[in-house]
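The values are calculated or read from the model by the stated rules, or taken from the named source; none is laboratory data. All values derive from a computational prediction rather than experimental measurement. Quick reminder, even Gly has a Cβ in these numbers, built from the backbone with ideal geometry, and neighbours come from all protein chains shown. Ligands, DNA and RNA are excluded from the accessible area calculation, which covers all protein heavy atoms including side chains. Shrake-Rupley method; radii C 1.70, N 1.55, O 1.52, S 1.80 Å.
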Amino acid sequence: MLPFSQNSHYKLSFLVLLLWVSRLVDSKSGFELDDSLTYLWPLPSEFTSGNQTLTVDPTLSFSALGKGGNSKILIEGFERYKKIIFKHVSGISLFDKSRGIRSVYDISELRVIVNSDSEELQLGVDESYTLFVAKKDGKSIVGEATIEANTVYGALRGLETFSQLCAFDYETKSVQIYKAPWYIKDKPRFAFRGLMLDTSRHYLPIDVIKQIIESMSYAKLNVLHWHIIDEESFPLEVPSYPKLWNGAYTKWECYTIEDASEIVSFAKMRGIHIMAEVDVPGHAESWGAGYPDLWPSSTCREPLDVSKNFTFDLISGILSDMRKIFPFELFHLGGDEVHTDCWTSTPHIKQWLKDQNMTAKDAYQYFVLKAQEIAISKNWTPVNWEETFNSFPSKLNPRTIVHNWLGSGVCPRAVAKGYRCIFSNQGAWYLDHLDVPWNEVYSAEPLEGINNVSEQNLVLGGEVCMWGETADTSDVQQTIWPRAAAAAERLWSKREAVSARNITLAILPRLHYFRCLLNRRGVQAAPVTNKYARQPPFVAGSCYEQ
């Protein structure tokens, strides 16, 4: 007789084996989409569909109209999406008996009307659009596929939706649109829909950052919060203070100002803001590798020395240089996890505190407010982690945006005092927390506990945070996706549309589908339902059921 624990182990192994076999059998039977669901991600605000299947011409022509029709952003956007849509189509099949005779397609032209010629990309830019797709019948005054938007950025969101409507049929080797005609009237629920990327704990090459920005556009995320530097490394070039680069891991793991500008330009072409962060006064030990005077002492290296004018001169220099690179109106000043022991244990700072009649907490407030003044003087709106609000809520500059991360209840308190807020509750939206499943990411609600409409309007939106201690080029995309997409739909789609439905029956199949769409587009999105994020699949099976 086997011991109980060992016998249980064999029973468990047998059950797992049965599960594997059943999954293998199921995978042979094929996977069918639930026709009652809409496989667009994120779900549009308003839409109607039908029961027709339309074919799309592989030589799809593009007609750009309106004041913004000549926008390079729009023209290049169409070319990108055309490559995505017709990845498997070269025009005429090699085995087409009627080679040389062009087929008749239902959709042969995409018309895009952009009403404004402004390409300014700031918080709250109009991202709304309408999309109409119907079979050409000679009766409608609207073209068979038409996008209309007030701005080029709304047009980009419409192009993404159109690309998701297009599906390659392997039997006919053609691109088809199912459930037509489509009429979609869409706009985002929140203006700020972000992903934070940490390049200080592990350096990420420029091409990897671009790949992440590209993948963000597929989910209609629109802010990359670039946490460039931290206590471990300082990889960014600052011409005014060139020795700050000494804090990089190596001389090969750096970003030039040209690199940063290239990332900003690349993101703008996809309607994505870059919000840079310089976290002060804590998380700044790496600064002293080039300028040791910033450390309280050689043996006690952070927070930055609050007693020296040089500290604030250097911060001003950094922000002046960065203002030339980052046009987005928001700038993140950090302010989190400031442990003031070095201030109270270093003789010259201890004496300064005494002379200023300040406690360490007073000095923390002084530092944060002075950094805010510097940022505002450079025409930036300061964003700070919630500790600043928790510590001195009535002292922050009224323009401050409070960034929640520690837990629930912060945004309700912040907006009640008139501050704007960004939601990133670590219990749900920290992507480095690998044990948080997709459904908890999806269910997190930025407006939870906020019932007053005027206060709700102060919540800009939210962001998922990809802290980099255990993520580098080898696994960062698998860690971001597909859970970031769950938050993306929460931030784009109507609250009632994402909250009132059965999450397993109505949402999970759609997220499976979107994850597979990401995979087809070259994004290394991990399976949806693994116990831990970024784990590979543990058994053979369809992408649509992992």
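Calculated over the chain, the projected area of the Cα convex hull averaged across directions stands at 31.6 nm². Considering only 242, 263, 158, and ranking their Cα positions along the charge dipole of the chain that arises from unit charges at the beta-carbon of Lys, Arg, Asp and Glu, the one farthest toward the positive end is 158.
Extension gain, residue 80 to residue 519, is 156.4 nm, computed as 0.36 nm per intervening residue step minus the present C-alpha separation.
When the chain is described by a simple charge dipole with +1 on each Lys and Arg Cβ and -1 on each Asp and Glu Cβ, the residue from 443, 289, 353 located farthest towards its positive end is 443.
Select from 343, 330, 200 the residue farthest towards the positive end of the dipole of region 192-521; place +1 on Cβ of Lys and Arg, -1 on Cβ of Asp and Glu, and compute about the Cα centre. Of the candidates, 330 comes out farthest on the positive side.
Comparing Cα centroids, region 364-378 and region 334-363 end up 16 angstrom apart. Remark: region 192-521 carries a charge dipole of roughly 1180 debye about the Cα centre, counting +1 on each Lys and Arg Cβ and -1 on each Asp and Glu Cβ.
Among beta bridges identified by DSSP and lying wholly in the chain, the antiparallel ones come to about 35 percent.
Amide H contacts of residue 276: 226, 332, each under 5 Å away and 5 or more positions distant or on a separate chain (H built 1.01 Å from N in the peptide plane; Pro and chain starts excluded). On a per residue basis, region 192-521 carries 35 Å² of accessible surface, using protein heavy atoms and a 1.4 Å probe.
In the chain, Cα pairs under 8 Å separated by at least six residues give a relative contact order of 14 percent. The count of lysine pairs in region 122-226 with alpha-carbon distances below 28 Å, taking only pairs 8 or more places apart or on different chains, stands at 17.
Cysteines in the chain lacking any other cysteine Cβ under 4.7 Å from their own Cβ: 166, 254, 465.
Counting protein heavy atoms only, the chain has 53 percent of its accessible area on carbon and sulfur, 1.4 angstrom probe. From the largest down, region 46-186 spans 52, 29, 24 angstrom on the principal axes of its Cα atoms.
From helices alone, the chain scores -10000 deg cm²/dmol at 222 nm; the rule is -39500 (n - 2.57) for each run of n ≥ 4 DSSP H residues, then divide by the residue total.
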